[in-house]
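Comments concern the structure below.
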Protein chains: 2
Amino acid sequence: MEHQESLTAYIAAFVSELVQTGITDVVVSPGSRSTPMAMVMAEHPDLTLHIHVDERSAAFFALGIAKASKRPVAILCTSGTAAANYYPAIVEAHYSRVPLLVLTADRPHELREVGAPQAIDQIHLYGNHVKWFAEMALPEKNNDIIRYARTVCARAAALASQSPSGPVHLNFPFREPLIPIMDENLFQTEERPNGYVKVHNGDLTINSYQFRDIAAKLSRKEKGIIICGNLETEGFADAVTILASVLNFPIIADPLSQLRSGKHSSENIIEAYDTFLRNEDAKSFLKPDVVIRFGAMPVSKALTIFLKENHSAEQYVIDSGGGWRDPAALSTDMIFCNETFFCKSLISYIKPKAPTGSLEKWRNINTLTKEHMKIINDSTELSESRLFYQLADMLPEGATLFVGNSMPIRDLDSFFLNNEKSIKVMANRGANGIDGTVSTALGAALYSKPLYLVLGDLTFFHDLNGLIAAKLYNIDIHIIVINNNGGGIFSFLPQAEHAKKFELLFGTPLNIEFEHAVRMFNGNYMNIKDWDQFGSVMKVSLETPGLNVREISTNRDRNTLEHREFWRSVSWEISNFVKGERK
Amino acid sequence: MEHQESLTAYIAAFVSELVQTGITDVVVSPGSRSTPMAMVMAEHPDLTLHIHVDERSAAFFALGIAKASKRPVAILCTSGTAAANYYPAIVEAHYSRVPLLVLTADRPHELREVGAPQAIDQIHLYGNHVKWFAEMALPEKNNDIIRYARTVCARAAALASQSPSGPVHLNFPFREPLIPIMDENLFQTEERPNGYVKVHNGDLTINSYQFRDIAAKLSRKEKGIIICGNLETEGFADAVTILASVLNFPIIADPLSQLRSGKHSSENIIEAYDTFLRNEDAKSFLKPDVVIRFGAMPVSKALTIFLKENHSAEQYVIDSGGGWRDPAALSTDMIFCNETFFCKSLISYIKPKAPTGSLEKWRNINTLTKEHMKIINDSTELSESRLFYQLADMLPEGATLFVGNSMPIRDLDSFFLNNEKSIKVMANRGANGIDGTVSTALGAALYSKPLYLVLGDLTFFHDLNGLIAAKLYNIDIHIIVINNNGGGIFSFLPQAEHAKKFELLFGTPLNIEFEHAVRMFNGNYMNIKDWDQFGSVMKVSLETPGLNVREISTNRDRNTLEHREFWRSVSWEISNFVKGERK
């Protein structure tokens, strides 16, 4: 009884504090060792518990909730391989800077490494991929240990949120019996009832001397560009667009910069670069002398090559998370500062100058490219490029677009153009895996509605289990599966020409009829036959609640040809234009 | 070109050596960074490549192949979260002592921790759960580095096999271009063409002084018992049954000891202990003074409690892997010695004695229990206990029975009795997870035919994706899904009485119709209605190739009641018997 009292008081203190930190969602995978934590959590009126049997999907589901709600999400599982199943989502959370509080139940010390069932070494289970690991004390009821449980909780949640956000892992040893004593006053605490310790996380900012120095350097540059990758900093869209207009710099906007859609000024926003930076004439025409880069490295390989070719340009990398996002080692200045603060502050140090014509060049080539991009709509057959080209038009105002990795994010980058809708674009771009995509999108769909997920067949297959959440929780989601029966991206890589066993090793057709899976999870399924049908389906999509899966079948070989033909044709126009300009 | 020559020579040397170590199977998950390794492996005539898109299932599939073939299996994936998906199977391989050679492709050093795509920290990615981690050198063609690649390969494969077997992780940094040069003489090596270095793994053995000492101690004991858990040592069944008959000790045989089925003597093999050791009269009647224990801790909780209650009995734990398998801290002697060698050698040091009657007691109670166990067949409705009770009869000679964790392995322990068929019993009992079971069984089914997998609905659901291997490779497997719509084991735990939200947190009904999934993977599906139908299906099972899924629906509440009623009724008979004996 004393054991159960200690267990209950300790866990109740932890869970009370969890709620005080602002956490509202917990994803729980059923298990025995985690019983007391799950039972106590289920009693708290301010926690929403999502039960998910498959821990891999569960952790990605939590990742999605955290991404959309911008709050840390706790995940709880039992001891053993259950915890190992969290690993892919934890790695993704680490690199995509998403706050997760990972709570694993464990056998107590005397049952470790002695052949006890379901006992594995959970100390530092996730290695370098969590911001903090703590092996928790055994439950005790005395004030010191209760205070300890509360402060560790507050600290862990705050650390998960602190920039760069990420996962934190707490491992709880629990002894049997695992049943807490349920009491009406479970969460009543006499000491500091409104939370034990509130953590005030700070932002990185640089000082006025540093700003003056940067402004002075920039004033000597005439052909600057701003590059924005995946970024979530509040107020950034307005701040960076104003900075760009003061500097007369174009903004190269990755689809995950959240700059291609929205009510901010799109005047200087360049979005067709993945197409025109494949052209040598355009690249020599547009050489920058300084690059200001925000957020993660953009998706576009053409842009990366362009930057490498211009390695003598100064490159300022601004990162509120103090990371080192510079895969090509091009940075001349690493600026660890909140991005919105940086833009807003820098403006006051900049002396306005007359435009040098560089911005106009970028805008003109961008406009020309977009003009010729319209030929994509000529394709009457279902095609991957046209799908992404039309998407902005077809999505309802306020939609969230979640995009799968591999080809979809690249096609989005190439073909999803500036629009004035408020469309939020999401993807798992920490480690760029194809795993857990369905679950992440479903988690996000709880807070971002309506949500549209566009992904390839292998990515859909990889996390089919994730659909169970849609069934159990009646989550509204619109999934568009681009089924090219295998790994489409490999057709664009050198092995497409060199590998004797290409289909075996890389094409990997699964020949699956996904309709079966969708039916199993009580979803609506439709095989899209043509563009008209797709248009009508998208139009009424807001009226179809629940799980909706629309499958679009394409052909990998034809898709590669179409892309190449498009780039060839546009490239020809761009070269003509540049030659005309130079005369 | 020089880069590609180095890449090719280095990888070809590694792959040649891989084949020389005796590895025949590689499970490859498609990806870009792993391209050169996959392409070279695909060229080797002596390697069988299994392609598996989902890395979690892929690693479990490899685990199954390794378990059944008793050879290390290599797994290969690309960089990023792909590698993190291997974690659950690696943890299971570590604790269940199965040799795996984990090969992960990685970005080269200059692309690590700088925000490059699909680059995560793969150094020591699996922490303490691999026997060895090596960060491989970058590919070079000179003799030193080629020799290095070959010796690391030989060493890694040998270490994976060396007792206790387990996973070894090699991380390969590869630079672009990732295309090797395919040459007809790819694997031709001038230096040591039959393998660079052959590793002769030794066995742990104790010496004659140690044996004499143990034999002397044993000679003073009158009520000894032998306990055999999960064990795979060659020749063990015959050796331990002979030892038991010399010592006049009963053998308590876990279903995974491989002693309940087979042609060896079953005279002293006690298998109904999970039932009769729940009875206090039987337990006080059977108190041992010495315990000789082989293999992993048995499944039975009743047995564990019995051993704890007899903590003053000497306990000898024999482990060829030199582990510390003693969760209740009962061992008086840890003997690190090959189990078969131990049994065979010890016999020559034992002086035969007249039986003391203890063995008879165990045999009589075992016989009595089995006699009363027949009432299980009275249940006309589909029931979980009757399923396992009938299984030995229904399985064909030479079958492999793969059993899911949670309830199925416990029911197997309770109800699967001695038989003279050659039935091999397998399960994932390293960490006892419900994950990866379908894939492990499918991998095993490549080498152990015919294979029957019996598992619960949550376990089946957890690894539904694994069924893709059955579809792509036309693997013959008979799957019996016990669908009690949720987590049946929790009904036996204290929370069944205490948790207000039991169904939400523990019952977790998924309400899934698995028929859809089976159809998606081109399998044959049947919903079993009654015992007659099940009997006929099992009879003709050898004539139904491919993926066969038979679903048996049961009810969790009724199942718990049935079990409790059975134990109560048998317990009454046992008490009567013991009281009669004592008069």
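If you put +1 on each Lys and Arg Cβ and -1 on each Asp and Glu Cβ, how big is the dipole of the range B:2-173 around its Cα centre, in Debye rounded to 20?
Working: 13 positive and 16 negative charges, 123 e Å.
It comes to approximately 580 debye.
For the range B:208-370, the orientation-averaged shadow of the C-alpha convex hull comes to 8.4 nm² (one quarter of the hull surface). From helices alone, chain A scores -12000 deg cm²/dmol at 222 nm; the rule is -39500 (n - 2.57) for each run of n ≥ 4 DSSP H residues, then divide by the residue total.
What net charge is computed for the residues neighbouring A:Phe492, neighbours being all others with C-beta under 15 Å from the C-beta of A:Phe492, Lys and Arg scored +1, Asp and Glu -1? Around A:Phe492, the charge tally is -2. In terms of its Cα atoms, the range B:43-137 spans 42, 33, 25 Å along the principal axes, sorted from long to short.
Sequence-ordered 3J(HN,Hα) estimates for the range B:101-117 from the Karplus curve with 6.51, -1.76 and 1.60 and θ = phi - 60° stand at 10, 8, 10, 10, 7, 9, 5, x, 3, 6, 10, 9, 6, 10, x, 6, x Hz, glycine and proline given as x. Across the identical copies, the 7 Å label point of B:Asn377, projected outward along Cα→Cβ, sits 7.6 nm from its counterparts, in ascending order. How high is the relative contact order of the range A:46-163? Use alpha-carbon pairs under 8 Å, at least six apart in sequence, and give a whole percent. Here the relative contact order equals 25 percent. About its Cα centre, the range A:233-377 has a charge dipole of approximately 240 debye under the convention of +1 per Lys or Arg Cβ and -1 per Asp or Glu Cβ, with nothing else charged. Across the range B:208-370, the relative contact order, built from alpha-carbon pairs under 8 Å that are at least six residues apart, equals 30 percent. Estimated translational diffusion coefficient (Stokes-Einstein, Kirkwood radius over Cα pairs, 37 °C, 0.692 mPa s) of the range A:454-583: 191 µm² per second.
Normalised size of the range A:1-88, defined as Cα radius of gyration per 2.2 N^0.38 Å with N residues, equals 1.08. Distances between equivalent label points of A:Arg564 across the copies, with each point positioned 7 Å along Cα→Cβ, amount to 7.0 nm, shortest listed first. Set the Förster distance to 51 Å, then compute FRET efficiency between B:Glu191 and A:Gln210 from the Cβ-Cβ distance, nearest 0.05. After rounding, the FRET efficiency stands at 0.30.
For A:128-140, what's the mean count of beta carbons from other chains sitting within 10 Å of each residue's beta carbon?
Values: counts 7, 4, 0, 0, 0, 0, 0, 0, 0, 0, 0, 0, 0.
Counting Cβ atoms of other protein chains within 10 Å of each residue's Cβ and averaging gives 1.
Taking 1.567 mPa s as the viscosity and 4 °C as the temperature, the Stokes-Einstein diffusion coefficient of chain B based on its alpha-carbon Kirkwood radius rounds to 51 µm²/s. Computed from point charges on the beta carbon alone (+1 for Lys and Arg, -1 for Asp and Glu), the dipole magnitude for the range B:166-278 about its Cα centre is near 780 Debye.
Hey, which of these cross-link pairs are over 20 Å Cα-Cα: A:Lys67/A:Lys308; A:Lys221/A:Lys283; B:Lys421/B:Lys539; B:Lys283/B:Lys370? Too far apart for the 20 Å limit: A:Lys67/A:Lys308. Placing one equal scatterer on every Cα of the range A:474-542 and applying the Debye formula, the log10 ratio I(q)/I(0) at q = 0.28 Å⁻¹ is -1.24.
In plain terms, if you count all Cα to Cα distances in the range B:29-69 and split them into 5 Å steps from zero, the share in each step is 5, 21, 24, 27, 18, 4, 0 percent. At an R0 of 60 angstrom, the distance between the Cβ atoms of A:Lys421 and A:Glu113 translates into a FRET efficiency of 0.60. For the range A:111-268, the alpha carbon convex hull comes to 229 Å³ per residue, rounded to a whole number. Considering only Cα atoms, the convex hull volume of the range A:379-565 works out to 115 Å³ per residue.
Near the amide H of B:Gln315, within less than 5 Å, lie the amide hydrogens of B:Val291, B:Thr332, B:Asp333, all on another chain or at least 5 residues away, with H placed in the peptide plane. A dipole drawn for the range A:208-370 from +1 and -1 charges on Cβ atoms has a positive end, and of A:Ile252, A:Ala296, A:Leu286 the residue lying farthest that way is A:Leu286. Axis of helix B:55-69 versus longest Cα principal axis of chain B: the two differ by about 60°, to the nearest ten degrees.
For the range A:259-316, taking Cα atoms only, Rg and Dmax work out to 12.2, 35 Å respectively.
Need one value for A:427-435: mean number of C-beta atoms belonging to other chains within 10 Å of its residues' C-beta atoms.
Details: counts 0, 1, 2, 5, 10, 8, 12, 7, 8.
Going residue by residue through A:427-435 and averaging, the value is 6.
Taken residue by residue and averaged, Cβ atoms of other chains lying within 10 Å of the Cβ of B:317-330 number 2.
3J(HN,Hα) along the range A:250-260, derived from phi through the Karplus expression 6.51 cos²θ - 1.76 cosθ + 1.60 where θ = phi - 60°, amounts to x, 10, 7, 10, 4, x, 8, 6, 6, 9, 6 Hz, with x in place of Gly and Pro.
The C-alpha atoms of chain A define a longest principal axis, and helix A:208-219 lies at about 20 degrees to it. As a size descriptor, the averaged projected area of the C-alpha convex hull of the range B:432-528 was calculated at 6.8 nm². Take the Cβ atoms of B:Glu222 and A:Gln533, set R0 to 51 Å, and the FRET efficiency comes out at 0.05. Applying the criteria of a DSSP loop state and at most 14 other Cβ atoms within 10 Å to the trypsin sites (Lys or Arg not before Pro) of the range A:9-99 yields A:Lys70. Convex hull volume per residue, computed on the Cα atoms of the range B:340-482, equals 150 Å³.
Taking the inverse of the mean 1/r over every pair of distinct Cα atoms in the range A:2-173 gives a Kirkwood hydrodynamic radius of 15.6 Å. Note on B:Thr367 and B:Ser245: the model spin-label points, each 7 Å out from Cα along the C-beta direction, lie 1.7 nm apart.
Per-residue Karplus couplings for the range A:41-46, computed as 6.51 cos²θ - 1.76 cosθ + 1.60 with θ equal to phi - 60°, are listed in order as 4, 5, 7, 7, x, 9 Hz, Gly and Pro entered as x. Once every Cα of the protein assembly as shown carries one equal point scatterer and solvent is ignored, give the base-10 log of I(q)/I(0) from the Debye formula at q = 0.05 Å⁻¹, two decimals. Result of the Debye calculation: -0.36.
Percent of C-alpha pairs per 10 Å bin in the range B:514-583, short distances first: 16, 27, 22, 18, 12, 5, 0. Axis of helix B:236-247 versus longest Cα principal axis of chain B: the two differ by about 30°, to the nearest ten degrees. Against the empirical 2.2 N^0.38 Å (N residues), the range B:278-353 has a Cα radius of gyration ratio of 1.19. In chain B, taking the dipole from charged Cβ atoms about the Cα centre, the farthest positive-side position among B:Ile376, B:Gly436, B:Gly507 is held by B:Ile376.
Using Cα pairs under 8 angstrom and six or more residues apart, how large is the relative contact order of chain A, in percent? Write down the numbers at each step before the final one.
Details: 1161 pairs, mean separation 81.5, N = 583.
14 percent.
Read-outs: derived from the displayed coordinates by stated rules, not from any lab. Keep in mind that what you see is a predicted model, and the values were worked out from it rather than measured. Glycine also receives a Cβ, built like all others from the backbone with ideal geometry; neighbour counts cover every protein chain displayed.
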